[in-house]
Amino acid sequence: MVALDLLLTGALHADAVADVADGIASRRPPDPALVTCRAPPAAAVGADTGAATLLLRFAWLATLATEELWTLIAAVPLCGRTAMVVALSLSATGTRASLARGFAQAATPAVSAGAIALAALACLTAGRLAAPGSGEGLALAALAGALAVAVACEPAWRRRFGPLTGDAAGATGMAAELAALAIVALVPAVEA
C-alpha cells in the first residue's frame, strides 16, 4: 500500500514532508527557510522525518491489514486529501506562487464543505463495511482527526512562514493521514 501510494503520487507528498522538516529544522528566517524547503536533496532531518513517516504508515497499515479492515485502509487517504482541501481553503488568500496557489484558489469554502461532506459519507460507508455498529464512528473520528491536523497546521505554518506552499499542503496532508491512520489502527487495540 505504501509503495502503491508513492508510485501513484510520484512520492510528491513524502517529498513534501522531507522538505518541510528541513525548512523547519533550518531555524532560518522565513524566506531563507523556504529556500531550504525547495532545495533538491533532503538533508538529514528531512530524510529522517520522511523515513519515520513511511515507517509509521507501514506499521499502522499492517495493523489494519492484519485485522482485514480494508475499507478503512481505503478511507485513510481520503481523510488526508480532504484535510489538504481544508488547509488550502483556509489559506486561499495570499498563497505564494507555488503548486498550492491554483489549488488554494479553487478550494473555496463551498468546495471545502463539499469535500468534507463527501469524505464523511465515504467514511461512514467504509466504517459500516469494516465493522457495522462501531466502524462508522471510528471512520468519522479518523476524518475528524485529519481535519483537526489541517486546522492546526495551516495557521502554524502561516505564523512561521507566511502563506501556504505546495510543500506545506503536502506535508499537512501526510500528517493528517497519519492522524487518521493512528485513530483507525490504534483505537480498536485500546478497546480490546
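With the condition kept exactly as written, say whether any residue in the stretch 69-91 is free of Cβ contacts under 8 Å to residues at least 24 places away in the same chain, surrounded by fewer than 20 Cβ atoms within 10 Å (Cβ to Cβ) and of a type outside the set (Val, Ile, Thr). Full working, then the answer.
Quick first cut of the stretch 69-91, residues free of Cβ contacts under 8 Å to residues at least 24 places away in the same chain only: 89.
Next, from what is left, pick out any that are surrounded by fewer than 20 Cβ atoms within 10 Å (Cβ to Cβ): none.
Within the stretch 69-91, not a single residue is free of Cβ contacts under 8 Å to residues at least 24 places away in the same chain, surrounded by fewer than 20 Cβ atoms within 10 Å (Cβ to Cβ) and of a type outside the set (Val, Ile, Thr).
Can you go through Thr53, Thr66, Thr108 and tell me which one is within 20 Å of the chain's Cα centre (by Cα) and free of Cβ contacts under 8 Å to residues at least 40 places away in the same chain?
On the way: Thr53 fails: free of Cβ contacts under 8 Å to residues at least 40 places away in the same chain; Thr66 fails: within 20 Å of the chain's Cα centre (by Cα).
Going through Thr53, Thr66, Thr108 in turn, just one is within 20 Å of the chain's Cα centre (by Cα) and free of Cβ contacts under 8 Å to residues at least 40 places away in the same chain: Thr108.
Among the residues of the stretch 10-32, the one identified as closer than 21 Å to Leu61 by Cα and exposed (fewer than 13 other Cβ atoms within 10 Å of the Cβ) is Gly10.
Beta carbons closer than 8 Å, at least 6 apart along the sequence or on distinct chains, pair a first residue in the stretch 125-149 that is farther than 18 Å from Val85 by Cα with a second that is surrounded by fewer than 16 Cβ atoms within 10 Å (Cβ to Cβ) and of a type in the set (D, E, K, R) for Gly135/Arg128; Glu136/Arg128.
Checking the stated criteria, Leu7 turns out to be hydrophobic (A, V, I, L, M, F, W, C), surrounded by fewer than 17 Cβ atoms within 10 Å (Cβ to Cβ) and not in a loop (DSSP other than H, G, I, E, B). For the stretch 106-122, the count of residues that are under 20 Å from His13 (Cβ atoms) and not in a helix (DSSP H, G or I) is at least one. Any residue at all in the stretch 156-166 that's aliphatic (A, V, I, L, M) and under 22 Å from Val2 (Cα atoms)? No - not one qualifying residue is present in the stretch 156-166.
Yes or no: Ala104 in contact with a Leu (Cβ under 7 Å, 6 or more places away or on another chain) and modelled with pLDDT under 95? Write out each step before concluding.
On the way: in contact with a Leu (Cβ under 7 Å, 6 or more places away or on another chain): yes; modelled with pLDDT under 95: yes.
Yes, satisfied.
Residue count for the stretch 125-150 satisfying the condition of being buried (at least 23 other Cβ atoms within 10 Å of the Cβ) and not aliphatic (A, V, I, L, M): 2.
Could you please find all residues in the stretch 14-34 being closer than 15 Å to Ala171 by Cα and of a type outside the set (D, E, K, R)? Walk me through it before giving the result.
Restricting attention to the stretch 14-34, the residues satisfying the condition of being closer than 15 Å to Ala171 by Cα are 14-25, 34.
Hits for the stretch 14-34 are Ala14, Ala16, Val17, Ala18, Val20, Ala21, Gly23, Ile24, Ala25, Leu34.
Mind checking which residues of the stretch 35-69 are part of a helix (DSSP H, G or I) and either of a type in the set (Ser, Thr, Tyr) or more than 22 Å from Ala3 (Cβ to Cβ) (or both)? Result: Val35, Thr36, Cys37, Arg38, Ala44, Val45, Thr49, Thr53, Thr63, Thr66.
The values are calculated or read from the model by the stated rules, or taken from the named source; none is laboratory data. Computed from a predicted model, the values in this text were never measured in an experiment. In this analysis, Cβ positions are derived from the backbone assuming ideal geometry, glycine residues included, and neighbour counts consider all displayed protein chains.
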